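In what follows, a structure is listed as structure tokens, so that the remarks can point back to it.
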Amino acid sequence: MAGRERCILVTGVSRYLGGRFAQLLTVQAEVDRVIGVDVVPPPHDIGGAEFVRADIRNPVIGKIIGQSEVDTVVHMNVIATPLSAGGRTSQKEINVIGTMQLLAACQKASSLRRLVVKSSAAVYGSSPRDPAMFTEDMGPKVLPRAGFGKDSVEVEGYVRGLSRRRPDVEITMLRFANIIGPKIRTALTDYFSMPVIPTPLGYDARFQLVHEDDALQGLLLATLGPDAGIVNVAGDGALSLRQAARMAGRPTVPVPTVVGGPVGQLTKRAGRADFSSDQVQFLSFGRGLDTTRMREVLGLEPEHTTRSAFLDFVAGSGRSPLAAAGSALEGISHAAGAVLSRALEQGGRT
């Protein structure tokens with residue numbers, strides 16, 4: 001793409017990470033123009049990026065790409081939590097229908113040379129049959145059946161379809177481990193910010209994390225560096241659920257994972273964390289990623305390990321971990337009793 005103007009379109013710029021990435025692109029010498037797209041104006045600074053109010057579910061996105069002669073699209077508008085999307089129905093429409101419409105526009109755009117998709121390690125699912133580490137050429141042992149994980153699988157399927165129809169377009173999909181940091185808000189940061197953390201009884205899942213700054217650096221390399229294909233992105237090392245809870249200074253309450261996923265219900269009830277059934281599976285079984293391609297192909301050397309990324313989140317939360325633990329524990333116990341009673345009652349009828 002040397003010798004021509006670099007015009008990059010970023011979706012989801014009204015969300016924290018999308019906005020920061022658009023801002024980061026505007027200070028890169030090799031980038032001439034950045035267009036940020038979302039349905040609402042960004043509440044944060046996006047630097048010198050031009051904001052265009054548009055819904056990727058609408059065909060107007062094709063006109064924006066065509067008229068601006070966009071050569072690179074960075075798709076960051078795959079939403080992980082139903083609450084932030086306005087409910088599960090809206091979340092699925094944005095993730096799946098929005099991606100289909102965006103890719104249809106990309107297919108028709110003669111100026112397009114590269115597509116970067118912010119995907120997720122959720123495509124691998126979480127089950128007791130999983131390998132210790134997933135490489136990029138492995139599939140899930142048990143396909144995600146609901147929520148963000150299922151959406152991510154569908155999104156990647158549509159992206160592979162585009163790669164067959166437009167072999168001239170370089171496509172990179174970054175499968176991020178859970179992104180964490182002092183400023184980003186996700187289902188996982190909400191979960192570990194709860195005064196008392198409900199955990200699946202009998203499980204102590206191990207997982208990897210990636211710091212928000214390292215995630216942005218990975219996206220930058222995928223956008224401006226060599227074509228990388230599918231790449232796992234995660235910090236070195238791993239944490240267990242109980243280790244992370246201790247590091248966050250939160251007490252835990254073990255909850256049986258019987259019918260209905262009471263852990264997920266409790267996180268929504270007691271702490272207002274937005275956890276779906278596929279994320280409860282993650283809390284039970286965890287997930288490991290092989291990051292060889294991240295270093296050798298993408299060229300990313302994360303500055304933060306999984307542990308240091310989590311500690312940076314804890315330091316940046318600015319909350320007193322144990323201040324409200326006593327009253328919260330009492331409240332969660334009542335909630336747990338009600339949810340478990342219903343779950344056990346349902347289990348007795350099955």
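What does the charge count around Pro167 come to, taking other residues whose C-beta lies under 15 Å from its C-beta (Lys +1, Arg +1, Asp -1, Glu -1)?
+3
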Listed with the fewest Cβ neighbours within 10 Å leading, Arg185, Arg165 appear as Arg165, Arg185
Give the shape of segment 104-219 as rounded, prolate or oblate, defined through the alpha-carbon gyration tensor: a ≥ b ≥ c are the square roots of its eigenvalues, a/c under 1.5 means rounded, and otherwise the shape is prolate if a/b is larger than b/c and oblate if not.
prolate
For Lys141, counting only lysines whose alpha-carbon sits under 18 Å away and dropping same-chain residues fewer than eight positions off, the answer is Lys150
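When only Cα pairs under 8 Å and 6 or more residues apart are kept, what is the percent relative contact order across segment 1-134?
24
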Compute the length gained on full extension between Thr89 and Asp290: take 0.36 nm times their separation in residues and subtract their Cα-Cα distance, giving the result in nm to one decimal.
69.1 nm
Segment Thr26-Ala132, extension gain: residue separation times 0.36 nm, minus the distance between their alpha carbons
34.3 nm
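Read the figures in this text as sums done on the coordinates, not as results from a lab. Remember, predicted model here, so these are calculated numbers, not experimental data. Counting neighbours? That spans all protein chains shown, and the Cβs are built from the backbone with ideal geometry, glycine included.
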